[in-house]
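Remarks on the structure that follows.
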Amino acid sequence: MKSFKIYFAIGALMITAFSSCKKDFFDLKPYNALPLETALTTEADLYTAMNGVYASMRSVNLYGRTLPIKGDLMADNTFIKPSNSGRYLDFNQYNINSANTNANGVWTSAYVVIKNANLVINSTVASNANVNQFKGEAYASRALMYFELARNFATPYTVNPDALGVPIVVKYNRDSLPARNSLKEVYKLIVDDLNQAYTLMTFGLGTSLSIPNTSIVRSNNSSYFTKYAAKALLAKVYMTMGDWDNAKAAALDVVTNSGVTVVTNANFAAYWKNPTPRTDKVETLFEVSSDITNNNGTNSLYNFYDPNGYGDAVSTTNLYNTYTATDVRKALIVPSGGYLVVQKYPNILNAADKDDTKILRISDVILILAETHARTSDEPNALIRLNQIAKNRDASFAGFSSSGSQLITDIVNERRKELAFEGDRFFDLLRLNLPIAKVRGENPTVLINVPVTDYRRIFPIPQAETDANPNIRSQQNPGYL
Amino acid sequence: MRRLHNFLSSPDNILIRYFYDRLRINIHIRNKTMTMRKFLLLMLCSLLMTAELMAQNRTITGKITDEKGNGVPNASVVVKGTNIGTTTSIDGTFSLAIPSNARSLVVSYVGMSDREVSVTSGSIYNVQLSAASGNMEEIVVTGYGTAQKRKNSTASSTTVGGKELENRPQTSVDQMLGGKVPGLFAPSFTGQPGANQQIRIRGIGSISAGANPLFVVDGVILNTGDLSRLTTTSNTLAGINANDIEAVTVLKDAQATALYGSRGANGVILITTKSGRAGKTKFRADVEVGYTNYANVPDAARPLNADEWLMLYEEGLKNAGFSQATIDASLVSYGKGAGINTDWFDLVTRQGQQQQYNLSASGGEGKTTFYLSGGYFKQEASIKGSDFERYSAAANFKHAASSKLTFGLNLNGNYSKQNTPFNGGLFANPTGNIAFLRPTVNAYNADGTLNIARTGNTNFNQGNYNPLYIIENNKYLLGNTQIRGSVNAEYAILQNLKLSERFGIDYINLNEYQFDNPYHGDARTVGGRGQSSDSRLFNWISTTQLNYNFYPDQEKNFKVDALLGYEAQKSKSQSVDARAEGFPATSPLLPYSTVASSVINGRLGASDYDFASIISTAQINYRNRFVLSGSFRRDGSSRFSENNRFGNFWSVGGAWNIDKEDFLSSVELISGLKLRGSYGTTGNANITNYGWRTTFGYGANYNSTPGGTFNTVGNEDLTWENNKQLDIGIDAGFFKGRLSLIADYYRRVSDGLLFAEPLSLTSGFPSITRNIGEVENKGYEITLNATPIRTKEFSWDISFNLSHNKNSVTKLPGGKDIIDAVNPFILRQGFPINQYYGREYVGVDQSNGDPLWYKDSTHTTIVNDRAQATREVLKGKSTNPKYFGGLSNTFSYRGFSVVADFIYNYGNYISDGWIFYLIDGVDPVQNKYALNLKRWQKPGDVTDVPRYVYQSTNGSSSFSTRFLYKGDFIRLRNITVGYSVPNKVLNSINLSSANFYVRGTNLWTKTYDKNLTVDPEQGVTAQSNLDVYLSKTVTVGLNLGF
């Protein structure tokens, strides 16, 4: 009797227990994600994944802020005011160690982009024009990232092509611990990727693509990679390698066949005021876009330069003095409060859209063409290309007529003037193996001299990487612990 | 009678036969033998003749007091073995009609010992209960409804009675436990009312996962902690009015916590709310009002005034080699001669209000009892813009539908509103503004309006905003609506076999809204910003259990109590995050984002988790001398990976009441001596809901079109963290309970700790979370309760507790050090969590004022540039105290009483997280601490503060042992002086009780490091973060019972 009651009670309990204990009960899935294995199976998935690749290029330590800032701040174009928000002071003082968060962020963020680009490249979606376009864009993005890694963390190719490069990863492998590949291998990958990209991409600026069975239509504006943007990047890569012939061929292809024109003198100011990606094939070949809802907020490039934001970095006087009074580019620098305020990214207060980060412009390619002509003993064409830009920007300028090393100097100076505040200057000085006279402050002027043998010209491999990866531990860049 | 017996033993009447057989076993009464039949007949006659007996009731009265002679309100007085009883009124008196054959009364109150009194003669019964916790008769509550006398418990737990929690000026009960519970470390870190509270029971048992204990209210496991998404800090427990709490029990060892399985590793805090007791309806009204102010801001941290700052600034420029002309021009630009001297500390702080009002009613008749209450609480902190307000109500009902079935309802609802300023380095943080803003910056314009200009050195050009403008024009609102409740039913299948079911819900609705004005502050460049986050968290839990107790042997020397149960819990949460910018420039400003022009965000997200478990426990008690107990729980959860979804958790414990042994039972000195021990396993499931899945996530959008990235590396083996704990304890009483001691030694090994094991960054992920770490905590806890003096009129009670814990990280991934990226800590095997790691400061070179550091731990070389010194493990210095606890003294003389509670802390080290900007000339445009006035000025000066140099680069203000302060302190947490109005007066005004008192909280603090720039309570990580100053309060209060 007693046992009957007890067993009945226990039975009731167990029945209740097991009936609600189904396996589904524990199998709760997140609301904002899908399992990796099934996430890239259709054309639409690749479209979404490429958006993610571009969005990850916008991260603060890549084109969101650090790279465009570094290229001027660690060269002779900008310095940080004494009254500042505390950011990039280490860059300004050439005081970087392997724990520096911004420098490490370049490495980390670049490999995040590479991880996402690899997923697109390695996906098994059946090819068609759209899929090839997306894969081509992924190849170009990967190449761009390896280019930035090589330029920031390795000895310049022109100084020593046999130096150590960075680890090459072409497929996701969570637990791998790769050592550094050689610089030659890295540049070979970059070149191969860009050539692949050039072949696969068939949509150009101003076209649009649509994904069948969806309502997705993408207008292929300057914020997506296109065929000639990949070629322009290839020209820059070859120039960085010192390979003048290949650089010239690539630049010529872009200048001749892309249909992208140099922005006119009259439209120059409006061009920089415009925060929207373009379909009209004016000036921009590729840029990383920010809009009103997707931007880095107070951590953005425009917030860093604009006095309405932090306004931390200002132009050096020697840069300002390189512009003639009639140079339309001088108006992008505004003297105010004793400093030379940079106004190249003026959309901080724009409620509709925010400034994008320019990566490749036709003017840059034209100057590459000028330099490669000059270096391959074709000075007449070099002058034509140089003056194409110089006279465009300064209507009252008669034009350069220099030659020899003076011509090269003029071209390099023109690059400095044209690409100021776009993160290019530092890498020009590096590839040309020139000493850097970094201005740390003005009034009084404090200089930091960075000669060509200075180990601080390249970033250290992040401490987190050397700590986690025994194979790279002994390959730290010289001068860093 | 014979007929009755035949009827009862007739085999046809199965049900009655069943009970007949039952009663046959249960009639053993110690030392009294009686024939089975006679007793049976006696019992049944009693039952059958209840009606007649009722007419033969008699009324008894009396007063239940504690050892001080104070009446114990709400104590239960029940005729033993029946439901006939009542509760005492607020002065401890009672009146009860008892049947004429009632043999004894049982008087009980949670937190005090049961007393059994014979009532066969007399009509007035005054019973004194012993309140000292640790007394063997005290009822100890452990999980899942088990409650037993301390002398029979094998577990380690501490109970804090409701009396110590009511009418306190703290917003949540978890802020009231520090110093009262040995082993429980609960340092504050902010004075924001409604703030979250970190609690570490027996040390820090986890490094990356949550280390707070589990909270259970009336059997419902709650979602606790800071669940806000925009607000600086918040606490779901702030919704519970502590006046509705009957008692809080903290479960510490494995025997107590293993019943909570995968969630018991960090300890379990059980909260029981008040319920009604039968009797005449009693009302109670409480009022406490007063003011708050900042408790402890050290002089070293006083912000400089204008003259001091200008002088120091000038000195810094001179020492940096600037010309006098440059210096003079700079000084003028910074306001020299302009007569500006803004005292930001004075402008931003205030004396705040503290008020609370509570009203409750409890009563019931026989079968139904109820408790109803309502309360209002408001507290303003000493920083303007920081406050908390709460409206709460509670209703508890219990009904005995029949002798076998009882059911009940506990309901608790509340609404609280909180205004919470920012903390840390955010420019809108008012506490930060006090420290950073120069005294030469104008707070007001000449016309009396608030200054918001941003150019010029006498205006806001250094980043920080005008705090007065922010406080007036911005909003930082948190509204929190909570409903918690449970319905429970208990059915006695047999008298010793009970089936019960409890179904509970925990519903939290958070409404957060932040408005940044368009003119001055973070949203100036976007035309104003309104951000809101609305979260709903809904958690239901169902517990079904069978409790069975029986005597396996004839003599009933052994008693077995067993529990078998099943529990399922589902928790769903969703939030809408919205953001809009571009507000119209109206006057006055319209802060709600309905008027904004650009919608930036308006998204719905959700996250859920489940748990399901089988629970079981059993205890064997041999004549209250030996007790052996054990438990087993099997848990499954959606948080654990498929590979490791289910876990088994168990414990065993034993207790031996040595004082019952012959060789001790005659020793008068010892009133109780119990040796106990336990060992078991528990888990910590405070991990993310979906972290084990490898997923491709969305939301990485581009050109306002959807984008996705592979952003969660996952881990197919991820699961709970494991704990194994050994506890050995002694409970002893001496001098008839006038002195009691509880001592525990414990060793708690936590393994399978979640660690972000670094991956090569080239994989695209920085780390993968694995269960790989191991930490050990061992220590001891001592509680002493004594009543040194007890005379008719005067008594003095002391309660003292001391805890010692040693924490040590025993296993790290690959055995490698992990250096914290944010705080100056290192994780190294053999050292505690939060072990300090940094350079060692030597002092200042007397000859030239340079700061000096040791180059390394050999101390052979001294350098004057921090970059040349290496970081060392600063042995013996961590954020964990070596000893902590509390001391309570209670004095009472006639109707007056004085209660003084101290808390103390010894052996930990604190650091000022923001001193980098506030000392030396590294960042010369900020204001500085007054500590800078002690700087070196000429050769021969002996000081710790180096020469003040404009934009110095020697690293003197970066972390080193210079900024490591001793965290030792003693604090007078509470002092209350009160008076109870005597009965004579009460009778004439028709009240049952009245108490007046004056209370002070945090009135006095003694610290032991003269360099402290912050209060020594800075949370578990001990790094100050420019939070709202801790408050002290002075209040007067009145309790009335009627």
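Brief remarks follow.
- Residue list for the stretch B:565-581, restricted to those being open to solvent by 30 Å² or more (accessible area, probe 1.4 Å) and of a type in the set (A, V, I, L, M): B:576, B:578
- Hits in the stretch B:583-613 (condition: open to solvent by 50 Å² or more (accessible area, probe 1.4 Å) and facing chain A (nearest Cβ under 9 Å)): B:597, B:599, B:604
- Every pair of residues 6+ apart whose Cβ atoms lie under 6 Å, when the first sits in the stretch B:521-541 and is in contact (Cβ under 8 Å) with a residue 12 or more places away in the chain while the second is part of a helix (DSSP H, G or I): B:521/B:470; B:530/B:593
- Among the numbered conditions (1) within 14 Å of chain A (Cβ to nearest Cβ); (2) open to solvent by less than 20 Å² (accessible area, probe 1.4 Å); (3) aliphatic (A, V, I, L, M), the only one that residue B:478 does not meet is (1).
- Among the residues listed as B:994, B:1022, the single one being over 30 Å from residue B:822 (Cα atoms), of a type in the set (Gly, Ala, Ser) and open to solvent by less than 50 Å² (accessible area, probe 1.4 Å): B:994
- Within the stretch B:443-474, being in contact with a Leu (Cβ under 7 Å, 6 or more places away or on another chain) and within 14 Å of another protein chain (Cβ to nearest Cβ) holds for one residue alone: B:464.
- Residue in the stretch A:148-157 that is of a type in the set (A, V, I, L, M), under 22 Å from residue A:300 (Cα atoms) and out of contact with any Asp or Glu (no Cβ under 9 Å at 6 or more places or on another chain) present: yes
- The listed residue being open to solvent by 30 Å² or more (accessible area, probe 1.4 Å), aliphatic (A, V, I, L, M) and under 20 Å from residue B:226 (Cα atoms), out of B:483, B:452: B:483
- Of all the listed residues (B:239, B:194, B:267, B:261), the sole one being under 30 Å from residue B:368 (Cα atoms) and open to solvent by less than 10 Å² (accessible area, probe 1.4 Å) is B:239.
- The residues in the stretch B:682-707 that are small (Gly, Ala, Ser), more than 7 Å from every other protein chain (Cβ to nearest Cβ) and under 19 Å from residue A:34 (Cα atoms) can be counted, and the count is 1.
- Condition broken by residue A:326, with the remaining ones in (1) out of contact with any strand residue (DSSP E or B) (no Cβ under 7 Å at 6 or more places or on another chain); (2) farther than 25 Å from residue A:140 by Cβ; (3) open to solvent by 20 Å² or more (accessible area, probe 1.4 Å) satisfied: (1)
- Residue selected from the stretch B:545-562 under the condition touching a residue at least 40 places away in the same chain (Cβ under 8 Å) and farther than 17 Å from residue B:494 by Cβ, by the criterion surrounded by the fewest Cβ atoms within 10 Å (Cβ to Cβ): B:555
- Among the candidates B:755, B:710, residue that is closer than 30 Å to residue A:145 by Cβ, assigned to a strand (DSSP E or B) and either within 8 Å of chain A (Cβ to nearest Cβ) or at pLDDT 90 or above (or both): B:710
- Among the residues making up the stretch A:157-188, a single one is within 11 Å of chain B (Cβ to nearest Cβ) and either in contact with a His (Cβ under 9 Å, 6 or more places away or on another chain) or among the acidic types (Asp, Glu) (or both): A:175.
- Within the stretch A:116-141, the only residue that satisfies the criterion of being open to solvent by 10 Å² or more (accessible area, probe 1.4 Å) and within 11 Å of chain B (Cβ to nearest Cβ) is A:119.
- Inside the stretch B:476-498, residues that are within 26 Å of the chain's Cα centre (by Cα) and either at pLDDT below 95 or not hydrophobic (A, V, I, L, M, F, W, C) (or both) make up a count of 8.
- Output for the stretch B:930-984, where each listed residue is open to solvent by 60 Å² or more (accessible area, probe 1.4 Å), more than 14 Å from chain A (Cβ to nearest Cβ) and closer than 18 Å to residue B:844 by Cα: B:934, B:937, B:938, B:939, B:942, B:944, B:947
Per-residue answers, yes or no, for (1) within 14 Å of chain B (Cβ to nearest Cβ); (2) open to solvent by less than 50 Å² (accessible area, probe 1.4 Å); (3) of a type in the set (Phe, Trp, Tyr):
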residue: A:255; (1), (2), (3): no, yes, no
residue: A:261; (1), (2), (3): no, no, no
residue: A:270; (1), (2), (3): no, no, no
residue: A:275; (1), (2), (3): yes, yes, no
residue: A:281; (1), (2), (3): no, no, no
residue: A:292; (1), (2), (3): yes, yes, no
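- Among (1) in a strand (DSSP E or B); (2) open to solvent by less than 10 Å² (accessible area, probe 1.4 Å); (3) under 30 Å from residue B:640 (Cβ atoms); (4) more than 12 Å from chain A (Cβ to nearest Cβ) - the single one residue B:729 does not satisfy: (3)
- The lone exception for residue A:169 - which of (1) in a loop (DSSP other than H, G, I, E, B); (2) of a type in the set (Val, Ile, Thr); (3) closer than 16 Å to residue A:139 by Cβ; (4) more than 19 Å from the chain's Cα centre (by Cα) it fails: (4)
Results for (1) touching a Pro at 6+ places or on another chain (Cβ under 9 Å); (2) assigned to a strand (DSSP E or B); (3) among the hydroxyl-bearing types (Ser, Thr, Tyr), shown as yes or no for each residue.
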{"site": "B:870", "(1), (2), (3)": "no, no, yes"}
{"site": "B:887", "(1), (2), (3)": "no, yes, no"}
{"site": "B:898", "(1), (2), (3)": "no, yes, no"}
{"site": "B:905", "(1), (2), (3)": "yes, yes, no"}
{"site": "B:920", "(1), (2), (3)": "yes, no, no"}
{"site": "B:926", "(1), (2), (3)": "no, no, no"}
{"site": "B:933", "(1), (2), (3)": "no, no, no"}
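- If you go through the stretch A:33-61 and pick out every residue that is among the small types (Gly, Ala, Ser), open to solvent by 10 Å² or more (accessible area, probe 1.4 Å) and assigned to a helix (DSSP H, G or I), you end up with 3.
- Of everything in the stretch B:716-726 that is surrounded by fewer than 21 Cβ atoms within 10 Å (Cβ to Cβ) and either of a type in the set (A, V, I, L, M, F, W, C) or part of a loop (DSSP other than H, G, I, E, B) (or both), the residue that is nearest to the other protein chains (Cβ to nearest Cβ) is B:716.
- Positions within the stretch B:463-475 being surrounded by 24 or more Cβ atoms within 10 Å (Cβ to Cβ), assigned to a loop (DSSP other than H, G, I, E, B) and either at positive phi or within 32 Å of the chain's Cα centre (by Cα) (or both), in sequence order: B:474
- First in the stretch B:418-439 and under 18 Å from residue B:1018 (Cα atoms) and open to solvent by less than 10 Å² (accessible area, probe 1.4 Å), second anywhere and small (Gly, Ala, Ser) and in a helix (DSSP H, G or I), Cβ under 8 Å, 6 or more apart: B:424/B:432
- Subset of the stretch A:41-75 [within 14 Å of chain B (Cβ to nearest Cβ) and out of contact with any helix residue (DSSP H, G or I) (no Cβ under 6 Å at 6 or more places or on another chain)]: A:41, A:42, A:44, A:45, A:47, A:48, A:51, A:54, A:55, A:64
The values are calculated or read from the model by the stated rules, or taken from the named source; none is laboratory data. Since the structure is predicted, the reported quantities are computational estimates derived from the model, not experimental observations. Cβ coordinates were reconstructed from backbone atoms using ideal geometry, including for glycine residues, and neighbour counts include every protein chain displayed. We work out accessible area using only protein heavy atoms, side chains counted, and drop any ligands, DNA or RNA first. Shrake-Rupley method; radii C 1.70, N 1.55, O 1.52, S 1.80 Å.
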